[in-house]
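A.B. asks: Let me begin by handing over the structure; questions about it come next.
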Amino acid sequence: MAATWEEILKLSQQFQSAQFAQASQRLSERNCIEIVAKLISEKQLEVVHTLDGKEYITPAQISREIRDELHVRGGRVNIVDLQQVINVDLLHIESRANDIVKSDRTIQLVLGQLIDEHYLDQVAEETNDKLQETGQVKISDLCKTYDLPGDFLKQAFSSRLGKIIHGEIDQDNRGVIFTEAFVTRHRARIRGLFSAITRPTAVINLITRHGFQEQLLYSVLEELVNSGRLRGTVVGGRQDKAVFVPDIYARTQSSWVDSFFKQNGYLEFDALLRLGIPDPVNYIKKRYKSLQLLFLKTSCVGQEIMDQVEASVDEAINSGTWVDIVNAALGAKMNTIASTCKSICV
């Protein structure tokens, strides 16, 4: 035991002597630089020269410093800012940043910035706070707030819905996030408002007047109409010219159209427009698809009137006399139809 302790003391003394001894031969700074340059040229050493020319740094150290800086800055850092901190050429930082992104799925490179999952969780929490306060959040507004692309935010939020963000993305307009309470409240407002409508009403006017979110209103309105909760139809699709026609008006409208056509044998497009039918031609084609009708520029004519005109013309031809097409058609009620019929018959 004593011999072992003596050996330890002896080694300690030798170590101290080596520490305080002066080297007999030393390399100059220039020699060191030349040796390192030689090793680099022969690819036996991989290091990067700093911008101030005072140090060498390994790629692994660059990666460690990038990760450290990303952590210190809360999970988001611009690559240009890293150049000032690490003091190497931007090309080397970009190369190491790309390697980090490839090897670590929790870090992404977006618009020249490294962003990790911790930062995205923080953004999601802030978004959820705003969502619970207002009931809806637009992705376009978040793009301005955080200076990030909309598609990137949508992708980041999709995996956090129901976990951090307590809401849902509108399937028809994926640029908006709603809370269930917001949707329920607006569904009740939409149902009450449209249930009280008794005449054709432009949907865009209601959106402007009552401050509805456009895509949400169309989605809820379509759902209520299809389920039978609202009795009516939306004419014109999801656009500025869309019109809601309640069933009570549509029945009265259809009754008037049928009655007029039955009594007169023709329909004027202007009259249908005044009734609130935005596309008279398609309306007539759908309602009377089994009848053979003649569509003119401003109206359509039934087969009965055409038969009357043809019979009068045939009789005039056979008897060698003439016939007044206007009176034969409608008793001077519709000069346009009569003139068109005249050209057809001739």
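Taken together, the values in this text are just the output of simple stated rules run on the coordinates, not laboratory data. None of the values given here were measured: they were computed from a predicted structure. Neighbour counts run over all protein chains shown; Cβ positions are idealised from the backbone, glycine included.
A.B. asks: Lys163: which lysines have alpha carbons under 17 Å from its alpha carbon, excluding same-chain residues fewer than 8 sequence positions away?
C.D. replies: The qualifying lysines are Lys130, Lys154.
A.B. asks: Can you give the charge dipole size of segment 143-297 about its Cα centre, rounded to the nearest 20 debye, using +1 on the beta carbon of Lys and Arg and -1 on the beta carbon of Asp and Glu? Numbers along the way, then the final one.
C.D. replies: Values: 23 positive and 15 negative charges, 71 e Å.
In total the dipole reaches around 340 debye.
A.B. asks: OK, next. To make sure I understand the rule: partners must be lysines, Cα under 28 Å from the Cα of Lys297, and not fewer than 8 residues away in the same chain. Which ones qualify?
C.D. replies: The qualifying lysines are Lys241, Lys262, Lys285, Lys286, Lys289, Lys333, Lys342.
A.B. asks: Starting from the Cα gyration tensor of segment 221-276, take the square roots of the eigenvalues, sort them a ≥ b ≥ c, and report rounded, prolate or oblate (rounded when a/c is under 1.5, otherwise prolate if a/b is larger than b/c, else oblate). Working shown, then result.
C.D. replies: Values: a/c = 3.79, a/b = 1.80, b/c = 2.10.
It comes out oblate by the Cα gyration axes.
A.B. asks: For segment 67-117, what class follows from the C-alpha gyration tensor (a ≥ b ≥ c being the square roots of its eigenvalues): rounded when a/c is under 1.5, otherwise prolate if a/b is larger than b/c, else oblate?
C.D. replies: Numbers: a/c = 1.79, a/b = 1.26, b/c = 1.42.
Oblate.
A.B. asks: Using amide H atoms built in the peptide plane, which far-off residues or other-chain residues are under 5 Å from Ser299 H to H?
C.D. replies: Phe269
A.B. asks: Moving on. Once amide H atoms are built 1.01 Å from N in the peptide plane, which residues 5 or more positions from Val176, or in another chain, come under 5 Å H to H?
C.D. replies: Ile139, Asp170
A.B. asks: Select from segment 40-86 those GluC sites (Glu not before Pro) which occupy a DSSP coil region and have at most 16 other Cβ atoms within 10 Å, ordered by residue number. Kindly include the intermediate steps, with their values, before the conclusion.
C.D. replies: On the way: sites: Glu42, Glu46, Glu55, Glu65, Glu69; in loops: Glu42, Glu46, Glu55.
Answer by residue number: Glu42, Glu46, Glu55.
A.B. asks: With the radius of gyration and the Kirkwood radius both derived from the Cα set of segment 184-235, what is their ratio Rg to Rh? Display every interim value, and only then the final one.
C.D. replies: On the way: Rg = 10.0 Å, Rh = 11.1 Å.
Rounded to two decimals, Rg/Rh equals 0.90.
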